[in-house]
1. Can you tell me which of ALA94, ALA104, ALA80, ALA71 is in a helix (DSSP H, G or I), closer than 30 Å to PHE10 by Cβ and in contact with a Lys or Arg (Cβ under 9 Å, 6 or more places away or on another chain)?
2. Say whether the condition of being over 12 Å from GLN111 (Cβ atoms), open to solvent by less than 60 Å² (accessible area, probe 1.4 Å) and touching a Phe, Trp or Tyr at 6+ places or on another chain (Cβ under 8 Å) is met by at least one residue in region 44-57.
3. When LEU37 is evaluated against the numbered criteria (1) closer than 24 Å to VAL22 by Cβ; (2) part of a helix (DSSP H, G or I); (3) open to solvent by 40 Å² or more (accessible area, probe 1.4 Å), which criterion, by number, is the only one it fails?
4. Any residue at all in region 22-38 that is over 14 Å from PHE112 (Cβ atoms), at pLDDT below 90 and among the β-branched types (Val, Ile, Thr)?
5. Considering THR7, THR116, THR59, THR81, which residue is of a type in the set (Val, Ile, Thr) and in contact (Cβ under 8 Å) with a residue 24 or more places away in the chain?
6. Could you grab me the full set of residues in region 85-109 that are under 12 Å from the mean Cα position of the chain (by Cα), at pLDDT 90 or above and open to solvent by less than 60 Å² (accessible area, probe 1.4 Å)?
7. Residues THR49, THR59: which one is under 30 Å from THR12 (Cβ atoms), part of a helix (DSSP H, G or I) and more than 10 Å from the chain's Cα centre (by Cα)?
8. Looking at region 62-79, which of its residues are surrounded by 16 or more Cβ atoms within 10 Å (Cβ to Cβ) and within 15 Å of the chain's Cα centre (by Cα)?
Amino acid sequence: KVLDASTLSFGTRVRWFVICFVAGVVCSILGTALLWLPKGIKLFAVFYTLGNIAALASTCFLMGPLKQLKAMFDPKRLIATVVMLLFFILTLCAVFWWNKKGLAVLFCILQFLSMTW
């Protein structure tokens, strides 16, 4: 029952949704602000990706993680989910292994687009 949203009260689920969503937005904005610092691209990529993950995780509190995963991996959403997860990974690879700033920024933009898809 731990992975079921019904084990939490509605108020608790909404509260944690708001906390995660706000944390996600703050991380994304902070990452964008850090982009302009010298060597801030790594911080930008990490914070922007963490922000998107936190925003995505926020909906787990509303519908429950298993229900969300089932919805994300439903055949009609499968491609969007795989693309989104791929861009999370590629963003971090671009800054930590490949040292390609332009690619990291491109992958962050593609993260945003894939999340809205």
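1. Answer to the selection: ALA71.
2. yes
3. LEU37 satisfies every listed condition except (2).
4. There is no residue in region 22-38 that is over 14 Å from PHE112 (Cβ atoms), at pLDDT below 90 and among the β-branched types (Val, Ile, Thr).
5. Sole residue among the options that is of a type in the set (Val, Ile, Thr) and in contact (Cβ under 8 Å) with a residue 24 or more places away in the chain: THR59.
6. Of everything in region 85-109, those that are under 12 Å from the mean Cα position of the chain (by Cα), at pLDDT 90 or above and open to solvent by less than 60 Å² (accessible area, probe 1.4 Å) turn out to be PHE87, PHE88, THR91.
7. Checking each option against the conditions leaves just THR59.
8. Selection gives GLN68, MET72.
The values are calculated or read from the model by the stated rules, or taken from the named source; none is laboratory data. In this text the structure is predicted, and so the values were computed from the model without any measurement. Backbone-built Cβ (ideal geometry, glycine too); neighbour counts: all protein chains shown. SASA here: full protein model, heavy atoms, side chains in, ligands and nucleic acids out. Shrake-Rupley method; radii C 1.70, N 1.55, O 1.52, S 1.80 Å.
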